[in-house]
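Read the structure below first, then the notes.
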Amino acid sequence: MDKKTFRKACLKRLQKAERSGKFYRNRIVLKRIGSIIKKYNPKTILLYLPMGHEVDVRPLFRRLRRNRKIYVPFMEGESFKLVQYRLPLSEKQFGIMEPMNSHFYLSKIDLAIVPVVGVDGRFRRIGFGKGMYDRFFGSLKQKPLTVFVQLAKCYTKKRITDDFDVLADIYITPEDIIVRGKHHVDRVDHRRCSRHS
């Protein structure tokens, strides 16, 4: 199996999840994200404005903005930069909503919540193939605690990603939470992923 074939299979699974039980699945994932935030108490968080098949993280925005800085991607060419979340939003490329541009430069993110299409045995992200998250994360000097989220688990033990694909610390789905090796979270070696339900 290659990345392209796996991506296609995952997208079918996500489209099915979007049509059936989306609200329930979404609620489970949001609750699990909330427990991660409570445990690690990040001050700066990267979220995203969701598309239909992605976990809808928008309920977190209002709650978290009271005492944390929330940033979202703002597309620039083949990558993106971060802008602070604020209204109004406008629709951009690929149907993604964005706040207005900002010239503010953020040097450090504590926590990144990242939507995925799939995850492979290297614990790396399969997205839509545009490479925007890969380029953005590649530009960071200091890597945040990175949490992949998904409405329906799509994971393969096979190693089909490249070294530049974004690497997760935690992978959250309605089915379970998988935690990976070393960094500043409670993890085991990435070759032996631990599961928590």
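Can you find a residue that is hydroxyl-bearing (S, T, Y), in contact (Cβ under 8 Å) with a residue 40 or more places away in the chain, buried (at least 18 other Cβ atoms within 10 Å of the Cβ) and more than 18 Å from Y171 (Cβ to Cβ) anywhere in segment 40-50?
yes
Could you identify the single residue in R135, R124 that is touching a Ser or Thr at 6+ places or on another chain (Cβ under 8 Å) and closer than 19 Å to E54 by Cα?
On inspection, the qualifying residue turns out to be R124.
Could you identify the single residue in K141, K108, K81 that is modelled with pLDDT under 95, farther than 29 Å from K8 by Cβ, out of contact with any Pro (no Cβ under 7 Å at 6 or more places or on another chain) and not in a loop (DSSP other than H, G, I, E, B)?
Going through K141, K108, K81 in turn, just one is modelled with pLDDT under 95, farther than 29 Å from K8 by Cβ, out of contact with any Pro (no Cβ under 7 Å at 6 or more places or on another chain) and not in a loop (DSSP other than H, G, I, E, B): K81.
Can you tell me which residue within segment 1-26, out of those that are within 17 Å of D56 (Cβ to Cβ) and charged (D, E, K, R), is surrounded by the most Cβ atoms within 10 Å (Cβ to Cβ)?
My answer is R25.
Please verify whether segment 169-180 includes one or more residues that are within 17 Å of K3 (Cβ to Cβ), surrounded by 14 or more Cβ atoms within 10 Å (Cβ to Cβ), polar (S, T, N, Q) and modelled with pLDDT of 90 or more.
The answer is no, given that none of the residues of segment 169-180 is within 17 Å of K3 (Cβ to Cβ), surrounded by 14 or more Cβ atoms within 10 Å (Cβ to Cβ), polar (S, T, N, Q) and modelled with pLDDT of 90 or more.
Quick check on segment 146-164: of everything there that is free of Cβ contacts under 8 Å to residues at least 60 places away in the same chain and touching a Gly at 6+ places or on another chain (Cβ under 8 Å), which residue is nearest to D134 (Cα to Cα)?
F164
Quickly run through segment 6-22 and pick out the residues that are assigned to a helix (DSSP H, G or I) and among the hydroxyl-bearing types (S, T, Y).
If the condition is that a residue be assigned to a helix (DSSP H, G or I) and among the hydroxyl-bearing types (S, T, Y), then no residue fits.
Could you please find all residues in segment 147-169 being farther than 26 Å from F23 by Cβ and within 14 Å of the chain's Cα centre (by Cα)?
D165, V166, L167, D169
Yes/no matrix, rows are residues, columns are (1) surrounded by fewer than 22 Cβ atoms within 10 Å (Cβ to Cβ); (2) part of a strand (DSSP E or B); (3) aromatic (F, W, Y):
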| residue | (1), (2), (3) |
| --- | --- |
| G129 | yes, no, no |
| F137 | yes, no, yes |
| F148 | no, yes, yes |
| R159 | yes, no, no |
| D162 | yes, no, no |
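So the check is Cβ under 7 Å with 6+ separation or different chains; which pairs have a first residue in segment 4-24 that's under 25 Å from D165 (Cα atoms) and a second one that's of a type outside the set (A, V, I, L, M) and part of a helix (DSSP H, G or I)?
Going by the 7 Å Cβ cut-off, the qualifying pairs are A17/R25.
The values are calculated or read from the model by the stated rules, or taken from the named source; none is laboratory data. All values derive from a computational prediction rather than experimental measurement. Positions of Cβ are generated from backbone atoms using ideal geometry, with glycine treated the same way; all protein chains shown enter the neighbour counts.
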